[in-house]
Amino acid sequence: MRHDMLERLLSGDGGAAADHVALGMLLAEAHNRSRERINEALRPLGINVRGFTVLLALPMYSPVSQRDLIGHMGIDKSTMVRLIDELEDAGLVSRERAPQDRRAYSIVLTRRGEETLAQARRITEQAGEHIFGWLAESERGHLVDLLRGLAEHSATPPPPV
């Protein structure tokens, strides 16, 4: 259940500033709860949402260097290094010399990584259905459009005050 302060902010009695803060808090709460639910579902596989996201990205961009993966995913370098280290320690990915540049390494799924990715897809499909299944398909599409617009709009600097 949402906490008291958020409920009070959502009531609309605090003015425009409170309304904006409440929307941000509500988005954060939805994000945190969905992440928690999916992390719980993935835990038996020894991965979390971030690790799963890396596993999803590898077939999309393969072969891919760690540097290029950072660019594709928008994850900072130290976080990516830690994620790849964790996945490599779990036997899900390996670093292999890139044929086009002997100084670089390509990140590739191992056989175990491919199997884990397939299992994780099934698990997250079920978890996602629990989280989002109450929405009609058109509502999901509308939500994606709204969130995409919000992300794009909030990336631009505000006008000077």
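Working from label points 7 Å from Cα in the Cα-to-Cβ sense, the GLU115 to ARG8 distance is 5.4 nm.
By the combined test of axial Cα extent (at least 24 Å) and Kyte-Doolittle hydropathy (mean at least -0.5), the qualifying DSSP H helices of the chain come to 15-42, 137-155.
Surface exposure of the chain, expressed per residue as accessible area with a 1.4 Å probe, stands at 70 Å².
Percent of C-alpha pairs per 5 Å bin in the chain, short distances first: 1, 8, 13, 15, 16, 15, 12, 10, 6, 3, 2, 1, 0. Calculated translational diffusion coefficient of segment 70-161 (10 °C, 1.306 mPa s; Stokes-Einstein with Kirkwood radius over alpha-carbon pairs) equals 94 µm²/s.
Within segment 56-139, which chymotrypsin sites (Phe, Trp or Tyr not before Pro) sit in a loop by DSSP and count at most 10 neighbouring Cβ atoms inside 10 Å?
Details: sites: TYR61, TYR105, PHE132, TRP134; in loops: TRP134.
Those that pass, being in a loop and sparsely packed, are TRP134.
The accessible surface of the chain, taken with every protein chain in place and a 1.4 Å probe, is 55 percent carbon and sulfur.
The values are calculated or read from the model by the stated rules, or taken from the named source; none is laboratory data. Bear in mind the structure is a predicted one, so any value in this text is a computation, not a measurement. Virtual Cβ from ideal backbone geometry, glycine too; neighbours counted across all protein chains shown. Note: areas computed on protein heavy atoms with side chains; ligands, DNA, RNA excluded. Shrake-Rupley method; radii C 1.70, N 1.55, O 1.52, S 1.80 Å.
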